[in-house]
1. Distance check, please: which entries in Lys258/Lys351; Lys192/Lys247; Lys101/Lys192; Lys174/Lys240; Lys315/Lys360; Lys315/Lys351 exceed 22 angstrom between their Cα atoms?
2. Could you calculate the FRET efficiency of Trp119 with Ile21 from 1/(1 + (r/R0)^6), where r is the beta carbon distance between them and R0 is 35 Å, rounded to 0.05?
3. Test of understanding: in a Gaussian network model of the chain with alpha carbons linked when under 10 Å, which of Asn65, Asn326, Asn108 would top the mean-square fluctuation ranking?
4. Give the angle, between 0 and 90 degrees and rounded to the nearest 10, that separates the Cα long axis of helix 101-123 from the longest principal axis of the Cα atoms of the chain.
5. Quote the relative contact order of the stretch 270-375 in percent (integer), defining contacts as alpha-carbon pairs under 8 Å separated by 6+ residues.
6. Of Phe47, Phe241, Phe299, which is the most mobile in a GNM of the chain whose springs link Cα atoms less than 10 angstrom apart?
7. How far apart, in nanometres, would the label points at Val232 and Arg28 be if each is projected 7 angstrom from Cα along the Cα-to-Cβ direction?
8. Pick from Phe273, Phe93, Phe62: which residue has the top mean-square fluctuation in a GNM of the chain where Cα pairs under 10 Å get a spring?
Amino acid sequence: MHTLFYIMTGIDLVVSIVFSILLFFVGRSITNPAFRFQRVVFLVLSFFVAAYLAMELGFSKFNDNHHEVLSIGSLLMIYFLYESYFFSFTALFHADYHKQKSYLIMLNAHVLVIALLAWWNMSKGDIHSYFSLTEFAVGASRTNLHFSARLYLFVMLLLNIIFMAHLIYQIYRKYSHVVNELNINTYDNHEKRMSGYLMFWGVGIIILFVGQFYNSILFHIALRFLLLALMVATFAGHLKFRQAIIKYDIVDRKLKFKDLERNVEEWLQQEPFPLLQNNITMDDVADTLNISRDDLSSFLSDELGISFNGWLAEKRITRCEQLLLNTDMTLSEVAYECGYADLPTMSKAFKRKYGFPPSKFRVYKDAKKLMQMHENPMK
């Protein structure tokens, strides 16, 4: 039994560490607020699960097939796990207890002091483990600091857990009431999904806490299976949400690029020609279109597969063709109207694309035929 307990605890510990590492690295570039919130919550929870399992793996004590009850280390790790759950759940419903130092101090100061006193007493060799609640009750007859600290710690942890559970209930009830009163659908899919995950985590943490009263090693092995299933289900859901976010971002980006492409084409039809300035930069174009430089760069590279300079040259050549075919402007005037520094610069760009200078473009009435002859010289 002991071997199975250590095997399952070790497996859970490895899974929680891998889970934490993957959560830290996977999805860091995703900026979706809902995903970022979920990622941080699961990362914190998995960290404290790993801390609890490490405590169990390194300091668990047994008497035959009886597991130690009310272990200080395990109680503390479960408490911190529940506290992180409390801050996560209330933050989901827009209660910023995690930003208020008074709550952090109130929930942790005296707990840490008593825990340090208990461990200091243990370091002096005054160590006593209890393997049943009856033994713990008998320990009340002893007046040593270690038992008093353990009892006080247990009572304070229990009171704090009840207090946090009350706040969770109040926040959830208040939020639901506001939504119903306003008759709006602010309780979106993200909140439903996250509250569902956190409900399961809350139940799991409470079972871990209750498990500190049971000395059956089989019960603690069953808890390891519960934790493993909870972590695997959580990570699978996290990956599923990540894929949905990526898919949504791709669709959203395509729609965004379509709108941007339409706006760019409408802008290029304006008079005077928007690219008239020969030293125009990407920042200038982005500012004029009222978009960020990164958005414009992504549109050009990801959607059009072209650099800014390549796009600029293409649009100027297109404008040059239109003016040569539809106006009587001189070549120098055309060069100016298209944003070229001078006529030689335009002629060089034109010849690079078509293989002949712009002057010949006008000479031949069928310019398209001339271009076809250049592209297919054998015909």
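What follows is calculated from the coordinates using simple rules that are stated; it is not laboratory data. Keep in mind the model is a prediction, meaning the values are calculated, not measured. With ideal geometry, Cβ positions are generated from the backbone for all residues, glycine too; neighbour counts draw on all protein chains shown.
1. Exceeds cut-off: Lys258/Lys351; Lys101/Lys192; Lys174/Lys240.
2. 0.75
3. So, out of Asn65, Asn326, Asn108, the one fluctuating most is Asn326.
4. Result, in degrees: 50.
5. That works out to 23 percent.
6. Phe299
7. Here the answer is 2.8 nm between the modelled labels.
8. Checking each option, the largest mean-square fluctuation is seen for Phe273.
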